[in-house]
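Read-outs throughout are calculated quantities, based only on the coordinates presented, and are distinct from any laboratory measurement. Being a predicted model, the structure only gives us computed values, none of them experimental. Backbone-built Cβ (ideal geometry, glycine too); neighbour counts: all protein chains shown.
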Amino acid sequence: MEEIYEMHGRMKLAVEMIEGCEAFAAIIPEVRTNFVYSKESPKDKHDVLAVEGRITIVGGAPHASGPSKFGASSHMAR
């Protein structure tokens with residue numbers, strides 16, 4: 001359980017750092033950016049913490065389109 005709390009904390013910090021860096025918007029592609037944090041040796045998508053949706057651009061700055069959730073990205077969990 002401690003690992004889950006640590007992952008959420010690290011993901012929150014990382015998303016805050018990205019959202020606070022306007023220069024990051026310059027490298028976000030048109031399809032936007034998936035952002036995930038995985039447990040070591042994940043077995044399925046429920047071991048991968050992901051921003052629901054993607055990192056997008058709002059008002060010229062990076063913005064997470066949704067909260068971080070386990071299982072939010074089956075694509076990145078493969």
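Looking at segment 24-55, which of its residues are part of a loop (DSSP other than H, G, I, E, B) and farther than 16 Å from Arg78 by Cβ?
Ile28, Pro29, Glu30, Val31, Arg32, Glu40, Glu52, Gly53, Arg54
Can we say His63 is in contact (Cβ under 8 Å) with a residue 40 or more places away in the chain and not in a strand (DSSP E or B)?
In short, no.
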